[in-house]
1. If you go through the stretch 91-98 one residue at a time, do you hit one that is touching a helix residue (DSSP H, G or I) at 6+ places or on another chain (Cβ under 6 Å) and over 23 Å from residue 25 (Cβ atoms)?
2. If you take the residues in the stretch 16-34 that are in a strand (DSSP E or B) and loosely packed, with under 13 Cβ neighbours inside 10 Å, which one is modelled with the lowest pLDDT?
3. Write out, first by first residue and then by second, each pair whose Cβ atoms fall under 9 Å of each other, whose residues are 6+ apart or on separate chains, and whose first residue, in the stretch 112-139, is closer than 27 Å to residue 27 by Cβ while the second is exposed (fewer than 11 other Cβ atoms within 10 Å of the Cβ).
4. What residue, among those in the stretch 86-107 that are at negative phi and surrounded by fewer than 14 Cβ atoms within 10 Å (Cβ to Cβ), is modelled with the highest pLDDT?
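The values are calculated or read from the model by the stated rules, or taken from the named source; none is laboratory data. Here the structure is a predicted model, which is why all the values come from computation and not from measurement. Note that each Cβ is placed from the backbone with ideal geometry, even for glycine, and that neighbours are counted across all protein chains shown.
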């Protein structure tokens, strides 16, 4: 009877651990600069990474925050969602990969562009198209 009780408690604790640890999100305070011909924002905010999504929230001084959410096949900006390919065509110059923002938020450089990666910072520049993206962790 004691063994059954121990196995039951172990199973319960293990299940709770998996649920809490497996479903948790990681939120990191950041300073971000995003400057494109169609979109400009620079301020502090948070980068949240969870299972199957990434969310960048930038708090502009005295204005509503800018929220960019990336999920499997779409990107949402301030609640307006569209397919990643359509989003890239609308907000970025021709030739940018569909997974551009996924790579930047994961601190991965994109071939063919200037990119500087450090432990807590990524800097992306495209002088030809006047694009600058910098994300720096504050912790």
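1. So far as the stretch 91-98 goes, yes, one or more of its residues are touching a helix residue (DSSP H, G or I) at 6+ places or on another chain (Cβ under 6 Å) and over 23 Å from residue 25 (Cβ atoms).
2. The selected residue is 26.
3. 120/139; 136/118; 137/119
4. Only one residue fits best here, namely 86.
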